[in-house]
Amino acid sequence: MREAIKRRDHGLCVKCKSQNRLVPMDVVDHIIPIKDDWSLRLNPENLQSLCHACHNLKTAKEKAKREM
Ligand SMILES: [Zn+2]
């Protein structure tokens, strides 16, 4: 699964790519956290390639939202 997503996203971080930056991906991220919807865990539509920086940013944002 991880390899399939990596291939789909060309091995690049999709967030950085949307800002015209070509950064190799480090992790496959769940767009909607599986904590929120377990049924999405194997849905490729809910998976995206991210670099560590983007993944940490996203995780921090989600944590902040959760604690509001
Ligand atoms: Zn990135």
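Since every read-out is calculated from the coordinates, none of them should be taken as a lab result. None of these values were measured; they are calculated from a predicted model. Cβ atoms come from the backbone with ideal geometry, glycine included; neighbour counts cover every protein chain shown.
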Test: residue in segment 38-46 that is under 18 Å from Glu62 (Cβ atoms) and within 16 Å of the ligand (Cβ to nearest atom): no
Condition met for Lys17 (of a type outside the set (Gly, Ala, Ser), without any contact (Cβ under 8 Å) to a residue 40 or more places away in the chain and assigned to a loop (DSSP other than H, G, I, E, B)): no
Of all residues in segment 10-36 being within 13 Å of Gln48 (Cβ to Cβ) and more than 11 Å from the ligand (Cβ to nearest atom), the one that is surrounded by the most Cβ atoms within 10 Å (Cβ to Cβ): Val28
